[in-house]
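*Asks:* Here it is, the structure in full.
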């Protein structure tokens, strides 16, 4: 599937249909029909309809010696174009490898110090472990692990952290249920007060996936990208936008697979601040003709339960990307984030970010003004010429050029 961007929407759909024939949900995706209202009713309260995002494909993204087709749901015009471009570069002149670390999900049981008084949860650790193994036997039978219980005491509060392996699910409901059941046990059996709250934490001190990329690169460009990376490490104001470029690819993948992108945004930005200052999630270095990038991040996601189980496009997206385990999805998301980061840095230190955005904007302007294919093609050509001359275009430019085209016709 090469140069899909040069084809019409219908031609792209035909290629996707041929390559993924028979997958449940593929006909629904390509038909542009609405999903049944019953699914929306099952997902949210007061359901009234669907807000649709464009769904696109990044072809041949290199990952651990193989090529992966990646599907994203996003409204930003440059994201998929940038990912396709960087995928091609690394496919032809580079390499990408990933490493999975142990996933740890943390649940919190929080008490007010004045109410907790001399009660100590860690004195009952063995009873709690045994209780959880009985109450959540199906989780442990699937290979689930309870790693530890830790105590965090601050001026006003004492919080106990229960750490588990969430397996193939995100695990938010599981860990929160565990904390709530433990708190009830403590109240009933050991005269503990009612806790202030029991809830998972969308924070992690350790990454769950690492991605390393290496690209044969022009020295001038390579050194400028490395300098841009260093700038984000020294200035939190820059690090924020640096990381936004990473999340530009991560969020669309979380959305298209039915995962909680809000939780992961909280997680990633929390992780970026773990050392007391907001820092970039990735680092790029240039040496001896090669640009190398590395990123280690935590992700809280799943391939079972929640919207991944209910939403037909979430289930379809996992099938399209041949995701069989949560680790597969983590690898794809991490690689996409780092490649998107590379594309943003390359644009910033060369032609500037606006040039690329404006090129993508040409089609948007023309599409808004005319649906006639022949006029659209001419209008796009004229808009591109004006962009090259003036370095900017607007909707008013498009209207002006469209009047000329109609007048000549």
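*Asks:* Considering each of 49, 65, 22 in turn, give the residue that is out of contact with any strand residue (DSSP E or B) (no Cβ under 7 Å at 6 or more places or on another chain), closer than 30 Å to residue 214 by Cα and surrounded by fewer than 15 Cβ atoms within 10 Å (Cβ to Cβ).
*Replies:* That would be 65, the only listed residue that is out of contact with any strand residue (DSSP E or B) (no Cβ under 7 Å at 6 or more places or on another chain), closer than 30 Å to residue 214 by Cα and surrounded by fewer than 15 Cβ atoms within 10 Å (Cβ to Cβ).
*Asks:* Report, by residue number, each residue of region 73-100 that is surrounded by fewer than 20 Cβ atoms within 10 Å (Cβ to Cβ) and assigned to a helix (DSSP H, G or I).
*Replies:* 77, 81, 85, 88, 89, 91, 92, 93
*Asks:* Only one of these conditions is not met by residue 154: (1) in contact (Cβ under 8 Å) with a residue 12 or more places away in the chain; (2) more than 30 Å from residue 62 (Cα to Cα); (3) not assigned by TED's automatic domain parsing to the domain that holds residue 87. Which number is it?
*Replies:* Condition (1) is where residue 154 drops out.
*Asks:* Quick check on residue 170: is it outside the structural domain of residue 329 (by TED's automatic domain parsing), in contact with a strand residue (DSSP E or B) (Cβ under 9 Å, 6 or more places away or on another chain), closer than 30 Å to residue 342 by Cβ and surrounded by 15 or more Cβ atoms within 10 Å (Cβ to Cβ)?
*Replies:* For residue 170, the condition - outside the structural domain of residue 329 (by TED's automatic domain parsing), in contact with a strand residue (DSSP E or B) (Cβ under 9 Å, 6 or more places away or on another chain), closer than 30 Å to residue 342 by Cβ and surrounded by 15 or more Cβ atoms within 10 Å (Cβ to Cβ) - is met.
*Asks:* Between 341, 364, which is at pLDDT 70 or above and either within 30 Å of residue 224 (Cβ to Cβ) or touching a strand residue (DSSP E or B) at 6+ places or on another chain (Cβ under 6 Å) (or both)? Give the derivation first.
*Replies:* Values: 364 fails: at pLDDT 70 or above.
Criteria check complete, one pass: 341.
*Asks:* Same structure again: With the condition kept exactly as written, say whether any residue in region 33-53 is more than 24 Å from residue 225 (Cβ to Cβ) and assigned to a strand (DSSP E or B).
*Replies:* Taking region 33-53 and keeping what is more than 24 Å from residue 225 (Cβ to Cβ), we get 33-53.
Applying the additional criterion that residues be assigned to a strand (DSSP E or B) yields none.
Among the residues of region 33-53, not one is more than 24 Å from residue 225 (Cβ to Cβ) and assigned to a strand (DSSP E or B), which makes the answer no.
Let's see how each residue does on (1) under 30 Å from residue 310 (Cα atoms); (2) over 29 Å from the mean Cα position of the chain (by Cα); (3) outside the structural domain of residue 269 (by TED's automatic domain parsing); (4) surrounded by fewer than 21 Cβ atoms within 10 Å (Cβ to Cβ):
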site: 149; (1), (2), (3), (4): no, yes, yes, yes
site: 158; (1), (2), (3), (4): no, yes, yes, yes
site: 161; (1), (2), (3), (4): no, no, yes, yes
site: 164; (1), (2), (3), (4): yes, no, yes, no
site: 183; (1), (2), (3), (4): no, yes, yes, no
site: 215; (1), (2), (3), (4): no, no, no, no
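*Asks:* Follow-up question, since we're still on this one. Go through region 282-309 residue by residue and tally those that are modelled with pLDDT under 95 and crowded, with 16+ Cβ neighbours inside 10 Å.
*Replies:* Looking only at that region, the number is 4.
*Asks:* If you don't mind, another one. Looking at (1) touching a residue at least 24 places away in the same chain (Cβ under 8 Å); (2) more than 28 Å from residue 17 (Cβ to Cβ); (3) touching a helix residue (DSSP H, G or I) at 6+ places or on another chain (Cβ under 7 Å), which one does residue 266 not meet, given that it meets all the others?
*Replies:* Going through the list (1) touching a residue at least 24 places away in the same chain (Cβ under 8 Å); (2) more than 28 Å from residue 17 (Cβ to Cβ); (3) touching a helix residue (DSSP H, G or I) at 6+ places or on another chain (Cβ under 7 Å), residue 266 breaks only (3).
*Asks:* Can I ask one more? Check region 27-44 and report whether any residue there is touching a strand residue (DSSP E or B) at 6+ places or on another chain (Cβ under 9 Å) and outside the structural domain of residue 309 (by TED's automatic domain parsing).
*Replies:* Yes, region 27-44 contains at least one residue that is touching a strand residue (DSSP E or B) at 6+ places or on another chain (Cβ under 9 Å) and outside the structural domain of residue 309 (by TED's automatic domain parsing).
*Asks:* Identify all residues within region 247-278 that are in a loop (DSSP other than H, G, I, E, B) and more than 18 Å from residue 341 (Cα to Cα); write none if there are none.
*Replies:* 257, 258, 259, 260, 273, 274, 275, 276, 277
*Asks:* Could you grab me the full set of residues in region 6-32 that are outside any loop (DSSP other than H, G, I, E, B), closer than 24 Å to residue 49 by Cβ and free of Cβ contacts under 8 Å to residues at least 12 places away in the same chain?
*Replies:* Once the filter is applied, which keeps residues that are outside any loop (DSSP other than H, G, I, E, B), closer than 24 Å to residue 49 by Cβ and free of Cβ contacts under 8 Å to residues at least 12 places away in the same chain, region 6-32 yields 9, 27, 31.
*Asks:* Would region 130-139 turn up any residue that is at pLDDT below 95, under 29 Å from the mean Cα position of the chain (by Cα) and surrounded by 14 or more Cβ atoms within 10 Å (Cβ to Cβ)?
*Replies:* Of region 130-139, the ones at pLDDT below 95 are none.
Scanning region 130-139 turns up no residue that is at pLDDT below 95, under 29 Å from the mean Cα position of the chain (by Cα) and surrounded by 14 or more Cβ atoms within 10 Å (Cβ to Cβ).
*Asks:* Looking only at residues in region 209-231 that are part of a helix (DSSP H, G or I), in contact with a helix residue (DSSP H, G or I) (Cβ under 8 Å, 6 or more places away or on another chain) and in contact (Cβ under 8 Å) with a residue 40 or more places away in the chain, which one is nearest to residue 302 (Cα to Cα)?
*Replies:* Filtering first and then ranking leaves 229.
*Asks:* Scanning for something closer than 26 Å to residue 237 by Cα, in a helix (DSSP H, G or I) and touching a helix residue (DSSP H, G or I) at 6+ places or on another chain (Cβ under 8 Å), does region 312-333 turn up at least one residue?
*Replies:* Yes, the conditions are met somewhere in region 312-333.
The values are calculated or read from the model by the stated rules, or taken from the named source; none is laboratory data. Quantities reported herein were computed from a predicted structural model and do not represent experimental measurements. Please note: Cβ atoms are built from the backbone with ideal geometry, for glycine as well, and neighbour counts cover all protein chains shown.
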